[in-house]
Amino acid sequence: MGDEKIHWRSGCPISSALDVVGDRWTILIIRDLIIYGTRTYSEFLDSPEKISTNILADRLSLLTSLKLIERTQPEAAARNNAFRLTKSGAALRPVLLGLGKWSHTHLKPFHADIVKIH
């Protein structure tokens, strides 16, 4: 993805949103920025889900190009930089909180270790 254009599957707004944040890695990057605020490349790699370096670099590039996140120091290299949410990215907070609440309510019987999101 990165610098490539996104292949929009349709004009449906839900489908379009999923074209951007519909994979687990992208949504977990957004999650980490919502929970922890500014994060470095290395801090993303330390997340318990263990994203690979090539996927992380690709997703950070995509999210930056779509202006959902931004580098704290635009002139520095991506690996030597920290990232933060833009207003557009921060607007995903209620969506992720809602998804977390739904998951806790409806998946708890199937996943005993699931934690409650606040």
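The numbers here are math on the coordinates, done by the rules we state, and not lab data. Worth saying up front: this structure is predicted, and the values here are computed from it rather than measured. FYI the Cβ positions are ideal-geometry reconstructions off the backbone, even for glycines, and counts take in every protein chain you see.
Observations
- With K and R counted +1 and D and E -1, the other residues having a Cβ less than 14 Å from that of Lys108 yield a net charge of +1.
- If you run the Gaussian network model on the chain, springs between alpha carbon atoms under 10 Å, then out of Gly37, Gly11, Gly98 the most flexible one is Gly11.
- Cα-based shape type of the chain, given that a ≥ b ≥ c are square roots of the gyration tensor eigenvalues and the cut on a/c is 1.5: oblate
- Using alpha-carbon coordinates, inclination of helix 93-107 to the longest axis of the chain, degrees: 30 degrees
- Filtered trypsin sites (Lys or Arg not before Pro), the range 7-62: DSSP coil and at most 11 other beta carbons within 10 Å: Arg9, Lys50
- A DSSP coil position with no more than 12 other Cβ atoms inside 10 Å describes the following chymotrypsin sites (Phe, Trp or Tyr not before Pro) in the range 5-106: Trp8.
- Sparsely packed loop sites in the range 16-118 (the GluC sites (Glu not before Pro) outside DSSP H, G, I, E and B with at most 13 other Cβ atoms within 10 Å) comprise Glu49, Glu75.
- Gaussian network model of the chain, Cα within-10 Å springs - most flexible of Ile51, Ile34, Ile14: Ile14
- Distance between the range 1-66 and the range 93-118 - C-alpha centres, whole angstrom: 20 Å
- Set of aspartates and glutamates with alpha-carbon distance to Lys87 below 20 Å, sequence-local pairs under 8 removed: Asp19, Asp32, Glu70
- Residue of Pro74, Pro13, Pro94 that the Gaussian network model of the chain assigns the largest fluctuation, springs spanning Cα pairs under 10 Å: Pro13
- Of the residues Thr26, Thr40, Thr53, the one with the fewest other Cβ atoms within 10 Å heads the list, and the complete ranking is Thr53, Thr40, Thr26.
- Angle between the chain longest axis and helix 53-65 axis [Cα atoms, degrees, rounded to 10]: 80 degrees
- Between 0 and 90°, nearest 10: helix 24-36 axis offset from the chain longest Cα axis: 90 degrees
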